[in-house]
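The values are calculated or read from the model by the stated rules, or taken from the named source; none is laboratory data. Predicted model, so just to flag it, every value in this text is computed and none were measured. When we count neighbours, we look across all protein chains shown, and the Cβ atoms used for this are built from the backbone with ideal geometry, even at glycine.
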Amino acid sequence: MPGISVIVPAYNAEKYLKNCVESVRNQTFQDWELLIVDDGSKDRTREIAMECAAGDDRVRVLRKKNGGVSSARNLGLREAKGEYIAFLDADDRYECRCLETLWSAMEQSGADTAACAHLNLYPNGAKSVELVLPAGVYDREGIRNGIVYPLVGDRLSLPLFNGFIWRYLYSASIIRENKIAFEGAYLEDDLFLMEYFCNAEKLVVTEEPLYRYFLNPSSVTHRYMADFLQVFRRFMERKTELVERYGLAEARPQWRENSNWSGLLIAIGNEYAKGNPRTVRERQKAVEALCAQPEMKQAIDAITPAGLSGNKQMVANLVKGRHFFILTQLYRLKNRI
């Protein structure tokens, strides 16, 4: 049994996959297996993955019909043989001491899970380090206060806790015993982390940035999603199930309104994305209708967002005041639509 199973979902990743795999091969910790899950790619991803696996029985290539990143990660989880699980996106990389640092931190602290900071790498060459939490060891209460509750109901203030799943080394037994899996094409990481950390006992955190996150303008988070509202409603259904199952509402009584406001801001940005075939006037009408939906109207009436990033705060203020024409004109300028 390998110590760590690294799961890499890959879809049309021919430009990045070799460097991604090399970052695993170059780890100072070598007791790993690498599962590359080809999610029905249409380019040379599978061919490159097979080349990477040739001569190295630690690398396995799994192929499936295209179904999205969640189904690819789930296949990796089902096939993983390691004691611990790590995730790596095909267009990102590990620093060479990533797995060793996380493994050693767990051994020294007796934690069942480890986390590291990551390095944001922007297309213009800029860099920034983003922490999970301050370095230290966190018990169940500390995990809930530091990770779970922010994911449940702190989605409208900075610093925003980002639900990136690749910053952690997970216990495979916790995942399997609690049947934790991914679902959906968007916001799936938040729910996985919420459920996992409701079951984890002890987390050790380092502030070393051991993961290199390349912000990719062509990723799913930057493209127009025609079915976003359907995806978000399912997200809220699953989030409600988790909040009720683990008794999380008392700590964040307005978690639903907070989450709907956050989803509303994403939905508005999606509506004005360049790939949307609707006319500008149709988009404005769609945004007005969205804000009039009962759950969104309740959120708008109940909460006045404050402390968001500049652009999001401006959007929230305009929505709160129902200034939809001005909102539309600003998006026209910003996105050149």
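Of the residues 242, 248, 264, only one is outside any helix (DSSP H, G or I) and touching a residue at least 12 places away in the same chain (Cβ under 8 Å); which?
The unique qualifying residue is 248.
Only one of 326, 303 is of a type in the set (A, V, I, L, M, F, W, C), assigned by TED's automatic domain parsing to the domain that holds residue 259, surrounded by fewer than 15 Cβ atoms within 10 Å (Cβ to Cβ) and touching a helix residue (DSSP H, G or I) at 6+ places or on another chain (Cβ under 7 Å); which?
Answer to the selection: 326.
Kindly provide the set of residues from the stretch 37-76 that are closer than 14 Å to residue 7 by Cα, charged (D, E, K, R) and assigned to a helix (DSSP H, G or I), ordered by number.
Hit for the stretch 37-76 is 73, nothing else.
Could you list, in sequence order, the residues of the stretch 235-293 that are of a type in the set (Ser, Thr, Tyr) and buried (at least 20 other Cβ atoms within 10 Å of the Cβ)?
Matches in the stretch 235-293: 259, 262, 272.
Tally time: how many residues in the stretch 1-22 are touching a Lys or Arg at 6+ places or on another chain (Cβ under 9 Å), modelled with pLDDT of 95 or more and closer than 25 Å to residue 112 by Cβ?
Summing the residues that are touching a Lys or Arg at 6+ places or on another chain (Cβ under 9 Å), modelled with pLDDT of 95 or more and closer than 25 Å to residue 112 by Cβ in the stretch 1-22 gives 4.
Considering only residues that are among the charged types (D, E, K, R) and at pLDDT 95 or above, look in the stretch 293-337 and name the one that is nearest to residue 272 (Cα to Cα).
332
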